[in-house]
1. Kindly indicate whether any position in region 113-127 is under 17 Å from Tyr227 (Cα atoms) and either in contact (Cβ under 8 Å) with a residue 60 or more places away in the chain or in a strand (DSSP E or B) (or both).
2. Under 6 Å by Cβ, and 6 or more places apart or on different chains, what pairs join a residue from region 631-654 that is without any contact (Cβ under 8 Å) to a residue 40 or more places away in the chain and surrounded by 12 or more Cβ atoms within 10 Å (Cβ to Cβ) with one that is β-branched (Val, Ile, Thr) and not in a loop (DSSP other than H, G, I, E, B)?
3. Looking at Ile38, Ile20, Ile13, which is the one that is without any contact (Cβ under 8 Å) to a residue 24 or more places away in the chain and either aliphatic (A, V, I, L, M) or at positive phi (or both)?
4. Filter region 118-143 for residues that are at pLDDT below 90 and small (Gly, Ala, Ser); which is least open to solvent (accessible area, probe 1.4 Å)?
5. Please specify each residue of region 178-198 satisfying the condition of being surrounded by fewer than 19 Cβ atoms within 10 Å (Cβ to Cβ) and either of a type in the set (Lys, Arg) or under 23 Å from Glu255 (Cβ atoms) (or both).
6. Based on what the data block shows, is Glu65 at pLDDT below 85, in contact with a strand residue (DSSP E or B) (Cβ under 9 Å, 6 or more places away or on another chain), among the acidic types (Asp, Glu) and surrounded by fewer than 18 Cβ atoms within 10 Å (Cβ to Cβ)?
7. Only strands (runs of 3 or more DSSP E) wholly contained in region 218-318 count here; list those with 1 or more residues that are closer than 30 Å to Tyr149 by Cβ, modelled with pLDDT of 80 or more and touching a helix residue (DSSP H, G or I) at 6+ places or on another chain (Cβ under 8 Å).
8. Residue by residue through region 309-368, note down the ones that are touching a residue at least 60 places away in the same chain (Cβ under 8 Å), under 30 Å from Ser269 (Cα atoms) and surrounded by 12 or more Cβ atoms within 10 Å (Cβ to Cβ).
Amino acid sequence: MQYNNAVKYLPVIVVLIVGILLAFLSSTIMKGYEAERIKLELKRSAEERHLAVQRGLEATYLVLESMAAFDDSTVTMGRQNFKRFVQPLLQNNTVIQALEWIPLVPLSERVAYEQKAHQDGYPQFSITERKVQGQMVPAGERDEYYPVYYVEPYQGNEIALGFDLASNPARKQALKSCRQNGKMAATARITLVQEKATQYGFLLFFPVYQVRPEAGQEPFSPKLEGYMLGVFRIGDLVKKAIGYLDPKDIDIVLEDMSAPEKERLLYFSGAQHSGTGQEQINESLERSAEFSEPIMFDVADREWRMTFIAGPGFIAAQKTNMPLIFFFGGLLGTTLFAAYLFTAIRSKSQLKQASELLQSQINARSHAEQALDKSQILLLHAQKMEAIGTLAAGIAHELNTPIQYLTSNTDFLAEAFTSLSKAILSFQNTQEHVEQPTQSLTHIETAQEILDDADWDYLKEEIPSSIQQSREGLHRVTSIIRAMKEFSHPGSKVKEEADLAHIIENTVLVARNEWKYVADVVTDFDKNLPLVLCMRDEIGQVILNLLINATHAIKEKIGGNPENRKGVITIKTKNCDGWAEIDISDTGTGIPEDIRHRIFDPFYTTKEVGRGSGQGLAIVHDVITVKHGGTIGIESIMGQGATFIICLPVTDRG
């Protein structure tokens, strides 16, 4: 017995197992999507920051090249000329720590250069080298010196003045590379002589020659004058370059890949730390190893790498609750379905013992489904009647006018009939007394007096006119009722051949009270347009929605309308080679170009609160494009109006 029960409920167990696995799988997939999204956003942010740093560096390249060009164009550069030239460059390029002129000074000219600096106002100047950080001593004897001879700004860089760059191996290597190929060169990481903190710096050299070497010519020493030099604190450069960007909790590791492995690190900036600590970098890499984006780029003759690492805040900002929603949603769905399946199996077991009850339940359910189908049809009809309800007051007014004509004319004809019946009765009495001339004459005179009192001349003109007006009123009432009947009819959900002109005329008539005070409606129907396979009631709803929208646009344009002006609504149909085109134009305010792509979105409206649900044009778009396989477009000029262009296939295209 227990075995049979286990077998019977085996589908429930399978559903639970499969459902839990699917919930876990869907949650895992969503986590994967989130990870990809985080990587894409990190890549975008990384490229943004890299470009900012790259632009900052490229600006400094131009500065050094312009300094070299300035030297070429000047017979004698001079300390003051150098200062005047570079100060604007420094103001426009705040990432530069200092700009310097580094002349090549042979040993034989060392004293002369030092004395010239004393004459320029620097009595303590001498060519120096660094003993320890922050302590400078006179440079020892060597064949050539490359001292910092001019430096701007001087304040903050005083200790660098006179420093012989060739006394430091990293600087000397860059000088050599620059001298050999005649191109800009960068140093490996260095500690600037003026550095008071712990961040690294680097230098950019641009060679200056007495005679610039031609392309392909090997430079040689006698032609070299010296170097234009840019000094950079790497941390300041990076921070200033990306300072305008949202931090987003992204750690940045900057490395010189051309340097030995232990000397590659140039800069590190994390959410809570910035500097050059390797432990901080390792901690950041371990925390977000999955989300990092390296970018390689060249700085002069060296290859640098910037690695961007997503911090916890960045990752949290990109994450959503979708994995949890999918997981718990899957569990909930699985539980509900398993419960349903369990109930169904148990019900099936019970129904074996009560087949008659089962049959009655099946019959009841069949009736319920039929009732539901009927309710859905009635619901669709009720939705359409809601639109008619909006127009009810106007339709009542449209019916009231011809009915008033009928009432007035009927009252008039009743009074005329009463007067004329008296005259006719008198004439009948005259016939009865024709043999008695005196009495006959009396009756004739009486009848004439009755006709005169009834104003027969007036009646014989007005009675036919009243009858004609009554007939016209009846025709008008009949037309409105017929249009209302056709418009409000639930219609068929199966496409039928229909006359678009007839549908449009009925809709225009039903909505007349909406537009007649603000616009004139002009129709121009193509007589060669064949019947179109469509759902006529839904096409009528489309025309009504667009007609009311056009009316509102014109009403908004003319405002209070103190001049009693009217706009024009034009409705045209065309036969376009197997397609039926309906153009509905108005002279309203027009549709702004920046919202045209949104006007068919559900619930989107530009009207004030309480006026318009934002569903009208969404329904129009659904009916035309989805249910009929057609198209709808817009042409509009602000201040002149808008045209909705509908194209429907004449025959069903599937």
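The values are calculated or read from the model by the stated rules, or taken from the named source; none is laboratory data. For clarity, every value in this text was computed on a predicted model and none was experimentally measured. All Cβ positions, glycine included, derive from the backbone under ideal geometry; neighbour counts span all protein chains shown. Please note that ligands, DNA and RNA were not included when accessible areas were found on the heavy atoms of the full protein model with its side chains. Shrake-Rupley method; radii C 1.70, N 1.55, O 1.52, S 1.80 Å.
1. Of all residues in region 113-127, those under 17 Å from Tyr227 (Cα atoms) come to 113, 127.
Now drop any that are not either in contact (Cβ under 8 Å) with a residue 60 or more places away in the chain or in a strand (DSSP E or B) (or both), which leaves none.
The answer is no, given that none of the residues of region 113-127 is under 17 Å from Tyr227 (Cα atoms) and either in contact (Cβ under 8 Å) with a residue 60 or more places away in the chain or in a strand (DSSP E or B) (or both).
2. Ile632/Ile624; Ile632/Ile646; Glu635/Thr643
3. Numbers: Ile38 fails: without any contact (Cβ under 8 Å) to a residue 24 or more places away in the chain; Ile20 fails: without any contact (Cβ under 8 Å) to a residue 24 or more places away in the chain.
Ile13 is the lone residue from the list that is without any contact (Cβ under 8 Å) to a residue 24 or more places away in the chain and either aliphatic (A, V, I, L, M) or at positive phi (or both).
4. Among those residues, the one meeting the criterion is Ala139.
5. Lys183, Thr191, Glu195, Lys196, Ala197, Thr198
6. Details: at pLDDT below 85: yes; in contact with a strand residue (DSSP E or B) (Cβ under 9 Å, 6 or more places away or on another chain): yes; among the acidic types (Asp, Glu): yes; surrounded by fewer than 18 Cβ atoms within 10 Å (Cβ to Cβ): yes.
For Glu65, the condition - at pLDDT below 85, in contact with a strand residue (DSSP E or B) (Cβ under 9 Å, 6 or more places away or on another chain), among the acidic types (Asp, Glu) and surrounded by fewer than 18 Cβ atoms within 10 Å (Cβ to Cβ) - is met.
7. Details: elements: 224-233, 250-256, 265-269, 292-299, 302-310.
Result: 224-233, 250-256, 265-269, 292-299.
8. Ala310, Gly311, Gly313, Phe314, Ile315, Ala317, Gln318, Lys319
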